[in-house]
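Here is the structure we will look at, set down as structure tokens.
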Amino acid sequence: MINKVLIANRGEIAVRIIRACREMGIETVAVYSEADKEALHTQLADSAVCIGPAVSTDSYLNMERIISATIASGADAIHPGFGFLSENAKFVKLCEQCNITFIGPSSEVIRKMGNKAEARSTMVAAGVRVIPGTEEAVTELERAKELAREITYPIIVKAALGGGGKGMRVAKDESEIANAFRTAQKEAEMAFGDGTMYLEHFIQNPRHIEFQILADSYGNAVYLGERDCSIQRNHQKMIEEAPSMILSEELRKQMGEEAVKAAKAAKYESAGTIEFLLDHDEQYYFMEMNTRIQVEHPVTEWVTGIDLIKEQIRIADKRPLSYKQEDIRITGHAIECRINAEDPSKNFRPCPGVVTEVYLPGGKGVRIDSALYNGYEVPPYYDSMLAKLIVHAKSRKEAIQKMKSALGEVIIEGVHTNVDYLYDIITNKDFIEGNIDINFIDRLRGEVV
Ligand code: MV4
């Protein structure tokens, strides 16, 4: 039985997890860096342990200190949140060896899905539809050239250990393959210490559609519908919504069942996400699996009524899923905006500093997930997300109206934010009409046609 959870994270997600635990009658232990002595998560948890200096590698990424804090505090489980150690197979292995319940999948699943080439092969073997591409590990340019011709151009070279855009290059035709392969491989060697690559046909202007799944320790798995996360820049999502306005009931069911098939093929346990690219002919392809709770999970919570953090804890506690697929209903429409301390006019440069004034909206159908308060000092060491503003209404149109109204109420002074930029997107004609894909923001900024 899980009685005490250590939260190995900070910011709004740490606060989100503390709240879920408290509602379940579970004690909480926060960990904090020297920069987060006054942070909300440090103050809200039942107890808090300082795990080191501000720099993440010395604190939130320091496995030994986090394991020590867990043992010393008598916590029996760790919730990793997202980022930091959440998808670190070595850390999860350490938890397993120390008899600490990791609230998430096994270290083996994380390792397997973290290797994108291996994940791809696992899905091919299970009959999941993947993007046309290579099954073998590619390390030589000459072999890449041969394979690219078979796949047909344009192609994309990806690092096996990549994800999130690192070690990835597009080649429009054969004249670009040598340069694309060499730069992607060099980047992969630098970032991951491994130059193993794979190739895929490059899908032009797709939508990013991801399916939330829940899987328990007894082989049960369900899908909780999808999120459209196409509104992003530099692989940082800015706005997410559920459901996606372009999926028919039929396509949703087909992709959802494919996502469950993928989760089962991975022997997945916990909350997870299957990412698909959806092209203009409504063809979908498995891209990657995310083995963590995601930033945008609240939109799924709102359209399904299911608390994903509590479900993660129940699953880690070896309880069976309390829902069957036919119990899952999608109701209304939810949109999330990520409010960041950044300056859109300076290429979205992060803007740490003291927040001198905060007013965040509320009311029916408005949710704020945040660790912000008056006088909070945004440290320069971590990512710049200040708050998530989530709205829910009957239809997409009403949800957009509600988001527009809520964004208009936000007051954050002392640091630059992207609030006005988010307002511009929410009121953009193409966004409203649903003409969106992964290049929406680049087009808005005049960087791509
Ligand atoms: C792709 C692709 C087009 N075709 N693969 C981006 C990060 C990594 N998760 C994989 N990515 C992509 N893979 C093929 N075969 C386009 C992207 C991509 C992307 C995907 C989802 C959301 C935003 C993106 C931004 C740029 C590129």
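The values are calculated or read from the model by the stated rules, or taken from the named source; none is laboratory data. Small disclaimer: the values here were computed from a predicted structure and weren't measured. Positions of Cβ are generated from backbone atoms using ideal geometry, with glycine treated the same way; all protein chains shown enter the neighbour counts. Each accessible area value is taken on the protein alone, full model and side chains, heavy atoms only, with ligands, DNA and RNA left out. Shrake-Rupley method; radii C 1.70, N 1.55, O 1.52, S 1.80 Å.
Things to note:
- Per-region count, region 143-164, residues open to solvent by 20 Å² or more (accessible area, probe 1.4 Å) and at pLDDT below 95: 2
- Those residues of region 170-207 which are within 11 Å of the ligand (Cβ to nearest atom) and open to solvent by 10 Å² or more (accessible area, probe 1.4 Å), in sequence order: V170, H201, F202, I203, Q204, N205, R207
Residues are listed down the side, and each one gets a yes or a no for (1) within 19 Å of the chain's Cα centre (by Cα); (2) open to solvent by 80 Å² or more (accessible area, probe 1.4 Å):
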| site | (1), (2) |
| --- | --- |
| K310 | yes, no |
| D317 | no, no |
| L321 | no, no |
| E326 | no, yes |
| R329 | no, yes |
| C337 | yes, no |
| N340 | yes, no |
| F348 | no, no |
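- Across region 390-422, the number of residues qualifying as surrounded by fewer than 21 Cβ atoms within 10 Å (Cβ to Cβ), under 18 Å from T331 (Cβ atoms) and in contact with a helix residue (DSSP H, G or I) (Cβ under 7 Å, 6 or more places away or on another chain) comes to 2.
- Within region 218-251, restricting attention to residues that are more than 19 Å from M287 (Cα to Cα) and in contact with a Pro (Cβ under 8 Å, 6 or more places away or on another chain), the residue that is nearest to the ligand (Cβ to nearest atom) is N220.
- Among (1) closer than 30 Å to R445 by Cβ; (2) charged (D, E, K, R); (3) surrounded by fewer than 21 Cβ atoms within 10 Å (Cβ to Cβ) - the single one K364 does not satisfy: (1)
- The combined condition, being surrounded by fewer than 19 Cβ atoms within 10 Å (Cβ to Cβ) and free of Cβ contacts under 8 Å to residues at least 12 places away in the same chain, is not fulfilled by S217.
- Note on region 412-435: residues that are in a loop (DSSP other than H, G, I, E, B) and in contact (Cβ under 8 Å) with a residue 24 or more places away in the chain total 6.
- So Y285, is it of a type in the set (S, T, Y), within 22 Å of A126 (Cβ to Cβ), assigned by TED's automatic domain parsing to the domain that holds A221 and open to solvent by 20 Å² or more (accessible area, probe 1.4 Å): yes
- Tally, over region 127-142, of residues that are more than 12 Å from the ligand (Cβ to nearest atom), under 17 Å from E258 (Cβ atoms) and open to solvent by 40 Å² or more (accessible area, probe 1.4 Å): 2
- Between T57, T70, T42, the distinction of being open to solvent by 40 Å² or more (accessible area, probe 1.4 Å) and not basic (K, R) belongs to T57 only.
- The set of residues in region 277-318 being in a strand (DSSP E or B) and more than 24 Å from A399 (Cα to Cα) consists of L277, Y284, Y285, F286, M287, E288, M289, N290.
- So Y376, is it buried (at least 18 other Cβ atoms within 10 Å of the Cβ), within 16 Å of the ligand (Cβ to nearest atom) and at negative phi: no
- The C-beta contact set for region 1-24 (first residue of a type in the set (D, E, K, R), second residue in a helix (DSSP H, G or I), distance under 6 angstrom, 6+ apart or interchain) comprises R10/D36; R10/H41.
- Residues satisfying the stated conditions in region 90-108, i.e. within 24 Å of the chain's Cα centre (by Cα) and open to solvent by 30 Å² or more (accessible area, probe 1.4 Å): K90, K93, L94, E96, T101, S106, E108
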